[in-house]
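Below you'll find the structure, written out as structure tokens, and then a few comments.
Computed from the coordinates by the stated procedures, all read-outs in this text should not be read as laboratory data. Source: prediction; values computed, not measured. Positions of Cβ are generated from backbone atoms using ideal geometry, with glycine treated the same way; all protein chains shown enter the neighbour counts.
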Amino acid sequence: MKDLNFRHGDAKSDVFGTDAMINPSPVDKIPNGPTTPEIAYQMVKDETFPQTQPRLNLATFVTTYMDDYATKLMNDAISINYIDETEYPRIALMGQKCINIIANLWNSPEQNRWKTGAVGIGSSEACMLGGVSAWMRWRKRRMAQGKPYDKPNFVVSTGFQVVWEKFAQLWQIEMRTVPLSIDNPTLDPKRAIEMCDENTICIVPIAGCTWTGMNDDIEELDKEVTKFNKKTGNELCIHVDAASGGFILPFLKPHVRWDFRLDNVLSISTSGHKYGLVYPGLGWVIWKDKKYLPEEMSFSVNYLGADITQVGLNFSRPAAQILGQYYQFIRLGFQGYKAIQQNSMEIAEYLHEEIGKMPQFKNYSNEVVNPLFIWSLNPKYDKVANWTLYDLQYKLQQNGWMVPAYTMPKDLEQCVVMRIVCRQGFSRDMADMLLTDIRMAVSDLEKLSYPTQSRVEVNRDIHPKHSFNHGGRQCKKN
Ligand SMILES: Cc1ncc(COP(=O)(O)O)c(C=O)c1O
């Protein structure tokens, strides 16, 4: 009798002897029947097989290393939905403990036993919640004053992360951007204030700008906001987007005043999955006090076995990240976090120095303020080079490294830069391997006797304006 299972049913064949492995994987339609878990596993695994090793990905800010205990805890909790607070009340409590710990790291003055905050799937959700709370507070005030509330705006630098564009579009709140320039590589507090009026719901400074790694001067901004409020009688406030800086500043620069110590900072967001050292996706937003979280943002449901109040855009969300965050707090403590962030910082400084020594390159800033930095081609070299940083990105990719080249945001878009984000799991040895690969790639590229395609395109589109040439931060001006 014909053995129908052989090759067709897949149950008896070795994985690589089955029909599935010689047929394309499904793209449009769900397959008609089931296959074995071994085959399904192999197909999914193979599809992601050729990708970069996460720890060689120097483009991402997101955690790519956690120790085995953290990984085990998170795997054990993989089936748990955070929203099911009645079934898993201890996890809700653990989330609240994380909120307390983070609020205190940011010098919260809140007197309540449980500080006011919320968990997000990342900084994006946390930023949205901070932004929405500012908008609702402003709207309530305007309503109470009998004034129109249909034209809200907020102010941020052009170094904003895309989440703020989403916030503006989705909630229809005008985004006013303060241009970054060579002389003002971070948000200019005075210019930010000039853009504010009675319809401004908040200003959003950034601690750890995605494009440059730099910090906005939040203390100076706070002073300007105080002056503005005194003069106008408005209640302009600050939401800090501390996606990266929120877990760097408290450990490495505790003396810098950027957080709830400042009068006008009413909410702060961060990514637990960046320098919070947890796998994706986890974000946090904290309010200075319960009174700054509008009641309308809390929703209660009763169908999970009790009255559950939650603040968030998503309803269901993974609980594993909360376990991961709380584990890291216990495991590392303040000193452990400090040591890890310090190491990332020192490795970033080392790479920054070595890259700065190469005649082909020029660093954007003289200083590294977060464990990441950007650089461009040296303007003199740029004039004669047959290659661009895009070619270097491609070459490094062949060795498994992901080091992105990109153009800077609006007003500086003529600059092509490369960025390295140093994170836990990136050792000095790896930094040296990377430097060797960069030097070898550059030496290969220098042998080219004709321009690469990207050089031709760059020269055609933006030459000669696409490199830095200005003291420490060397972008050419328009
Ligand atoms: C400054 C800033 N804000 C917000 C975000 C969005 O963060 P997430 O990816 O955690 O949603 C990022 C991400 O890189 C960021 O750098």
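The mean sequence distance of close C-alpha pairs (under 8 Å, at least 6 residues apart), as a share of the length of the chain, puts its relative contact order at 18 percent.
Which order do peptides 242-249, 385-392 fall in by mean Cβ count within 10 Å, highest first?
Result, highest mean Cβ count within 10 Å first: 242-249, 385-392.
For the stretch 20-28, 3J(HN,Hα) computed residue by residue from phi via the Karplus equation (6.51, -1.76, 1.60; θ = phi - 60°) reads 4, 7, 10, 10, x, 6, x, 10, 10 Hz, glycine and proline entered as x. One Cα centroid belongs to the stretch 408-457, the other to the stretch 201-243; the line between them spans 33 Å. Using θ = phi - 60° in the Karplus curve 6.51 cos²θ - 1.76 cosθ + 1.60, the 3J(HN,Hα) couplings for the stretch 311-318 round to 10, x, 8, 8, 8, 6, 7, x Hz; x is entered for Gly and Pro. Less than 5 angstrom separates the built amide H of M408 from those of C415, V417, all sequence-distant by 5 or more or on a different chain. Each Cα pair under 8 Å and six or more residues apart adds its sequence gap; the mean of these over the residue count of the stretch 190-327 is a relative contact order of 18 percent.
Among S269, S443, S124, a tally of other beta-carbon atoms within 10 Å of each Cβ gives an order, fewest to most, of S443, S124, S269.
Ranking of D222, D68 by neighbouring Cβ atoms within 10 Å, starting from the fewest: D68, D222. Peptides 400-413, 141-154 ranked from most to least packed, by the mean per-residue count of other Cβ atoms within 10 Å: 400-413, 141-154. Within the set K115/K274; K223/K338; K362/K410; K253/K288; K362/K447, which residue pairs have Cα atoms separated by over 26 Å? Violating the 26 Å Cα-Cα cut-off are K223/K338. Per-residue Karplus couplings for the stretch 408-424, computed as 6.51 cos²θ - 1.76 cosθ + 1.60 with θ equal to phi - 60°, are listed in order as 6, x, 2, 6, 10, 5, 6, 8, 9, 10, 10, 10, 10, 10, 8, 9, 3 Hz, Gly and Pro entered as x. Taking amide H as placed 1.01 Å from N in the peptide plane, the amide H of R257 sits under 5 Å from none that are at least 5 places away or on another chain.
Determine, for R139, R460, the number of other Cβ atoms within 10 Å of each Cβ, and report the residues in order from fewest to most.
Values: R139 16, R460 8.
Ordered by Cβ neighbours within 10 Å, fewest first: R460, R139.
Backbone amide hydrogens, once placed in the peptide plane, bring F361 within less than 5 Å of N378, excluding anything fewer than 5 places away on its chain.
Kirkwood-based Rg over Rh for the chain (C-alpha set), two decimals?
On the way: Rg = 25.1 Å, Rh = 24.7 Å.
Here the Rg-to-Rh quotient is 1.02.
Here's the picture: charge each Lys and Arg Cβ at +1 and each Asp and Glu Cβ at -1 in the chain, and of L277, N264, G122 the one pushed furthest to the positive end of that dipole is N264. Peptides 446-454, 368-376 ordered by packing proxy, namely the average of other Cβ atoms within 10 Å per residue, highest first: 368-376, 446-454. Note on the stretch 72-329: with charges restricted to the Cβ of Lys and Arg (+1) and Asp and Glu (-1), its dipole about the Cα centre is near 420 debye.
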